[in-house]
Amino acid sequence: MKETARHGEGTEPIRAIDHAPMPAIRMIGAATTTDRSARVRWTMVLVWFMRTMAVAWIAKGLLGWTIVLGINSGVAEFIELPALAQGMIGFFAVADLMAAVGLWLAAPWGGVLWLICAATEVMAATLGAGASMAGAFGVILDLGLIAAYFALSWLAANERV
């Protein structure tokens, strides 16, 4: 900094800054404008994956409630089902809707609850609990979705580093 004084004014000097301004602060992990179009934003892909899964899990949870309430008696009559099947349908009717809300919000607890629901459904079908409404296709689909969720979460986490 150098000080200069104006002619004819008081004795108080005027300060002039003679050094360059500080460079702009760059956000860590943020894409610059030049490479933004060429880069895949894995965080955004993960959020859209979670929201798509939320819509599917809302439908799945509502299907469970139609069975519980007797609206969809073509699938199964809830009262006539074994107690194990009633418990599984009741659990998934509640847990799937809660997981769907958490997935839509892209909250960490939503992903965890969804993983618990999907893993429980896979285990119930695989271990032959007799209460699972998912067949072999449902098990393969759940395992594929779990793998996709882990892969997208890993890619999104590495994007932020």
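Within the option set T120, T126, being among the hydroxyl-bearing types (S, T, Y) and under 19 Å from A54 (Cα atoms) holds for one residue only, T120.
With respect to the conditions (1) surrounded by fewer than 16 Cβ atoms within 10 Å (Cβ to Cβ); (2) at pLDDT 90 or above; (3) farther than 25 Å from L69 by Cα, T126 lacks only one, and its number is (2). Answer with yes or no whether L62 is closer than 27 Å to W42 by Cβ and either among the β-branched types (V, I, T) or within 23 Å of the chain's Cα centre (by Cα) (or both). When the stated conditions are applied, L62 does not pass them. Filtering L97, L103 for residues that are surrounded by 15 or more Cβ atoms within 10 Å (Cβ to Cβ) and under 20 Å from V45 (Cα atoms) leaves a single hit, L103. Residues in region 16-69 that are in a loop (DSSP other than H, G, I, E, B) and surrounded by 12 or more Cβ atoms within 10 Å (Cβ to Cβ) were compared, and the one that is modelled with the lowest pLDDT is A31. Of the residues that make up region 114-123, is at least one more than 14 Å from the chain's Cα centre (by Cα), among the hydrophobic types (A, V, I, L, M, F, W, C), farther than 27 Å from W42 by Cβ and surrounded by fewer than 15 Cβ atoms within 10 Å (Cβ to Cβ)? There is at least one residue in region 114-123 that is more than 14 Å from the chain's Cα centre (by Cα), among the hydrophobic types (A, V, I, L, M, F, W, C), farther than 27 Å from W42 by Cβ and surrounded by fewer than 15 Cβ atoms within 10 Å (Cβ to Cβ).
The values are calculated or read from the model by the stated rules, or taken from the named source; none is laboratory data. Model, not experiment: these values are computed from the prediction. Heads up, the Cβs are rebuilt from the backbone with ideal geometry, glycines too, and the neighbour counts pull from every protein chain shown.
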